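Working notes, beginning with the structure itself.
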Amino acid sequence: MIIIMLNFELYNPVNYVFGKGQIEKLTELVPSNTKILIAYGGGSIFKNGVYDQVKAALPSHDILEFGGIEPNPRFETLMKAVEIIRAEKIGFILAVGGGSVIDGVKFISAAVNFEGDEADILKKRILFKDVSKVIPFGTVLTLPATGSEMNSGAVVTIEATQEKLTLGGSALFPVFSIVDPTVITSLPKRQLQNGVVDAFTHVMEQYLTYTHDALLQDRISESILQTLIEIGPDVVENPSDYKLASNFVWSATMALNGLIQKGVPSDWATHMIGHELTALYEIDHARTLAIIGPNLYRVMFDTKKEKLAQYGQRVWNIQGNSTEEIAEKAIEKTVDFFHKMGMRTKISENAENIEKTADFIVKRFEERGWKAMGEKQNITLEKVRAIVEMSY
Ligand code: NZQ
Ligand code: ZN
């Protein structure tokens with residue numbers, strides 16, 4: 001097994017504009033020589049003043065608006081925006097919202113000039129690498145969690161088939177992202193909790209694999225985890241505390257902007273299984289991760305125990321007599337942290353009539369050919385079944 005630092009390319013063209021009052025900068029960041037589509041979600045931006053700030057910064061731009069992008073954005077909804085852009089010859093999209101709005105805009109950006117059935121973008125996992133074929137877009141982030149503001153991936157649900165699928169490619173980075181930590185003040189506690197747990201699990205997916213020679217990547221990952229543990233419980237109580245808010249927002253971006261993934265193995269099976277729970281039961285994304293993550297570590301214990309022990313020692317200061325003992329305690333600490341962050345870590349605590357969940361997910365993965373996941377490609381369908389059944 002390879003344990004040296006892997007070769008990598010680090011490409012991230014996002015102009016990341018951070019801090020209080022930065023929404024004003026839209027005036028210079030949004031092009032003025034083309035029509036703009038402002039895309040948003042269910043309307044939170046009207047209540048918390050973000051919409052007003054955006055509009056104030058764009059007094060002379062030619063703007064159309066598209067609202068109603070739902071949490072876990074739907075292909076069917078996004079296609080309506082695609083039609084508007086085609087008809088109105090829009091040249092730039094501004095996403096104002098959380099991960100769902102930003103992801104939705106990535107799909108819209110990719111779909112406008114796509115030749116063929118747009119659902120294939122998701123079903124065939126087409127990679128978008130040519131910036132001249134997509135509609136450029138910027139973002140104003142309102143919910144720290146996904147890292148979508150500084151990465152080129154997205155997750156979209158096809159309502160008709162209840163499938164939650166990914167898309168991406170180097171052409172789908174935002175041109176810029178405005179990240180003002182004060183916008184989190186209006187977030188419901190539930191969403192703040194979700195944000196911390198989603199960001200935490202993003203780090204775990206890229207860190208909790210096997211021990212390797214990429215020392216710096218491990219230390220960066222551990223520092224993000226420690227920061228989230230330090231501020232997470234407090235920021236959900238005091239989102240208007242700027243020290244907490246600024247560190248939360250930056251940690252969430254750093255967790256999934258590509259940096260800690262460079263040169264190291266990654267897992268992502270917690271997300272792949274979690275996405276199915278959202279598709280089936282509409283459980284919030286982060287909550288699915290809190291259910292699946294710890295059980296995946298338990299089922300894959302032999303594969304992950306060395307890294308679990310490193311995590312336990314460095315992140316949680318756990319002492320013990322053996323790798324196994326420290327690793328087991330590290331899993332329990334993680335579950336305790338998720339509980340502290342308001343998560344319920346069983347499927348049955350989040351949804352009803354769940355008996356067939358494992359059958360359903362295993363069948364889907366089989367149909368898609370996802371028979372070997374994880375950093376060692378040893379999360380087989382049997383393991384997936386065990387993880388899901390352990391989560392009931
Ligand atoms: O729709 P509005 O009215 O704006 O309300 C939203 C929504 O109801 C609300 N909200 C957002 N900012 C707010 C606010 N309410 C008050 N004040 C604010 N400042 O919060 C609710 C949830 O928003 P959503 O965007 O769905 O949440 P999140 O950012 O957690 O995004 C979740 C989506 O991102 C995907 C998930 O699968 C899910 O579909 N992910 C995307 C990733 C990526 N692109 O890299 C990676 C992640 O792992 C994840 O899979
Ligand atoms: Zn996530």
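A compact table of results
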read-out: Per-residue HN-Hα couplings for the stretch 280-288 [Karplus 6.51, -1.76, 1.60; θ = phi - 60°; Hz; x = Gly/Pro]; value: 7, 10, 6, 6, 3, 3, 4, 5, 5
read-out: Amide hydrogen neighbours beyond the local backbone of residue 15, cut-off 5 Å, H modeled; value: 176, 177
read-out: Pairwise centroid distance, computed over Cα atoms, of the stretch 215-271 with the stretch 148-172, Å; value: 21 Å
read-out: Residue order, fewest to most surrounding Cβ atoms within 10 angstrom, among 205, 237, 325; value: 237, 325, 205
read-out: Separation between Cα centres of the stretch 1-49 and the stretch 334-354, rounded to whole Å; value: 31 Å
read-out: Per-residue Cβ neighbour rank within 10 angstrom, fewest leading, 241, 62, 117; value: 117, 62, 241
read-out: Of all DSSP beta bridges in the chain, antiparallel share, percent nearest 5; value: 25 percent
read-out: Counting DSSP beta bridges with both ends in the stretch 15-183, the antiparallel % (nearest 5); value: 20 percent
read-out: Mean Cβ count within 10 Å, highest first, over the residues of peptides 347-354, 279-286; value: 279-286, 347-354
read-out: ³J(HN,Hα) computed for each position of the stretch 122-139 - Karplus, 6.51 cos²θ - 1.76 cosθ + 1.60, integer Hz, glycine/proline x; value: 8, 5, 9, 6, 6, 8, 9, 10, 9, 5, 6, 9, 10, 8, x, 8, x, 9
read-out: Size descriptor, Kirkwood hydrodynamic radius, that averages inverse alpha-carbon separations across the chain, Å; value: 21.4 Å
read-out: Longest exposed-site-free window of the chain, the sites being trypsin sites (Lys or Arg not before Pro) in a DSSP loop that have at most 10 other C-beta atoms within 10 Å; value: 90-355
read-out: Of 94, 64, 141, the one that fluctuates the most in a GNM where the chain has Cα springs shorter than 10 Å; value: 64
read-out: Long-range amide H partners of residue 66 with built H, under 5 Å; value: 38, 39, 40
read-out: Coarse-grained scattering of the stretch 15-183 at q = 0.13, 0.20 Å⁻¹, given as base-10 log I(q)/I(0) from a Debye sum over alpha-carbon atoms; value: -0.55, -1.36
read-out: As computed over the stretch 188-390, the Cα convex hull volume per residue (Å³); value: 113 Å³
read-out: Nearest-20 debye value, the chain charge dipole, Cβ charges on Lys, Arg, Asp, Glu; value: 220 debye
read-out: Karplus (6.51, -1.76, 1.60) ³J(HN,Hα), θ = phi - 60°, over the stretch 21-38, in Hz, Gly and Pro reported as x; value: x, 6, 4, 3, 5, 4, 3, 8, 7, 8, x, 9, 9, 8, 6, 10, 10, 8
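Read the figures in this text as sums done on the coordinates, not as results from a lab. Since we're looking at a predicted model, the values are computed, not measured. Note: ideal-geometry Cβ built from the backbone for every residue, glycine included; neighbour counts use all protein chains shown.
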